[in-house]
Amino acid sequence: MKALNQNLLSEVKQYYGKDKSYIPTIHLEDGLYPTMSDFHVPYHLEQTIRGIAKAYSKKSKGLILLGDIFDVESLSGFKKVGIIPRLLDEYEQGRRLIWDLAEMFEEIWMIMGNHEYRVLARTRNVDEIAFLDSFDLLRHIANGDRLYYDEYNEEAYLLKDSEAPKNIHYYGTSVMIANDILFAHPMHFSRVYGKTVSNVITDYKLELDYNFRACIIGHTHFCVNGLSVGTVMGYEIGCLAKPMKYLRKEIRKRKTHVGFMETYITNGRFDPYRSRVINLSQLID
């Protein structure tokens, strides 16, 4: 157990230390990039996700996913009710979904969310993570690892699938820079509308020598469409998940916005005139 924790801690320090200098930088070509977040597998709205993907895949340059692909409820500190999904079952559901999306889009870029981070934070529950050789679920998906079950030894493990998609890009971070956009999944949260993205913009403006024009985040389950923070436009893109089965703390209770974002790049820069958050909750209410 001690050795396991040391290995996991060593890996996470590389990406989550106080030094934010390691931020992957990618270049996006001009065009449309649908941006989704917070699926919370196995509570994801699968038909909605697949419907959005089908509608946008042919006319877009790629798909961007901003973390919390998994819920990792079995390792959660929240009070739980009902049947708790096993982490290995969550992994396979999420793996199939992401690989299917990779068949529909030319490229996929992913960053980590706070729910994926639970795998590190709750490593005392060794049985739940025994099938992993890295704390990072998304890294396994991007690396092409499929879950297998050894019935004789009654053990589950991951093996690389030679036919896995090769167009999934993941850098092991919760933040990514693309052109003049800062994509992020913050670990902090404010129930005040727009406050979380405002805090992210302020934090990174102070710590980075980087003049970004837009900041797009997951995590909050709010839809915030173009909040101006100085010269930066801030967006919170909602979620694509059903209500969680476990009970939330009072401070976390608020109306969930189901949504995603159309992110456009024009002349190599973020296009604020065409980009928009689409709040699907408004179509339901």
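The values are calculated or read from the model by the stated rules, or taken from the named source; none is laboratory data. None of these values were measured; they are calculated from a predicted model. Virtual Cβ from ideal backbone geometry, glycine too; neighbours counted across all protein chains shown.
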Query raised in the report: What tally of residues in segment 219-237 results from selecting those that are farther than 17 Å from P186 by Cα and assigned to a loop (DSSP other than H, G, I, E, B)?
Result: 2
Query raised in the report: Considering segment 225-251 alone, what residues qualify as being within 19 Å of S37 (Cα to Cα), modelled with pLDDT under 90 and of a type in the set (A, V, I, L, M)?
Result: M244
Query - Flag if E128 is assigned to a helix (DSSP H, G or I), touching a residue at least 12 places away in the same chain (Cβ under 8 Å) and surrounded by fewer than 16 Cβ atoms within 10 Å (Cβ to Cβ) - result: no
Report task. Hey, can you tell me all the residues within segment 43-96 that are over 21 Å from T220 (Cβ atoms), in a loop (DSSP other than H, G, I, E, B) and at pLDDT 95 or above? Result -> S60, K61, G62
Requested in this report: Considering only segment 27-76, state which residues are in contact (Cβ under 8 Å) with a residue 12 or more places away in the chain, small (G, A, S) and under 18 Å from H257 (Cα atoms).
Outcome: S37, G67
Report summary line: Expected output for segment 142-156 (first residue under 29 Å from I111 (Cα atoms) and of a type outside the set (D, E), partner at pLDDT below 90 and in a helix (DSSP H, G or I), Cβ below 7 Å, 6+ apart or cross-chain) is none
Report task. Determine which single condition V192 fails, assuming it passes every other condition in (1) within 30 Å of E106 (Cβ to Cβ); (2) free of Cβ contacts under 8 Å to residues at least 40 places away in the same chain; (3) assigned to a loop (DSSP other than H, G, I, E, B); (4) aliphatic (A, V, I, L, M). Result -> (1)
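With the condition kept exactly as written, say whether any residue in segment 25-35 is over 18 Å from the mean Cα position of the chain (by Cα), among the acidic types (D, E) and part of a loop (DSSP other than H, G, I, E, B).
Yes; the residues of segment 25-35 include at least one that is over 18 Å from the mean Cα position of the chain (by Cα), among the acidic types (D, E) and part of a loop (DSSP other than H, G, I, E, B).
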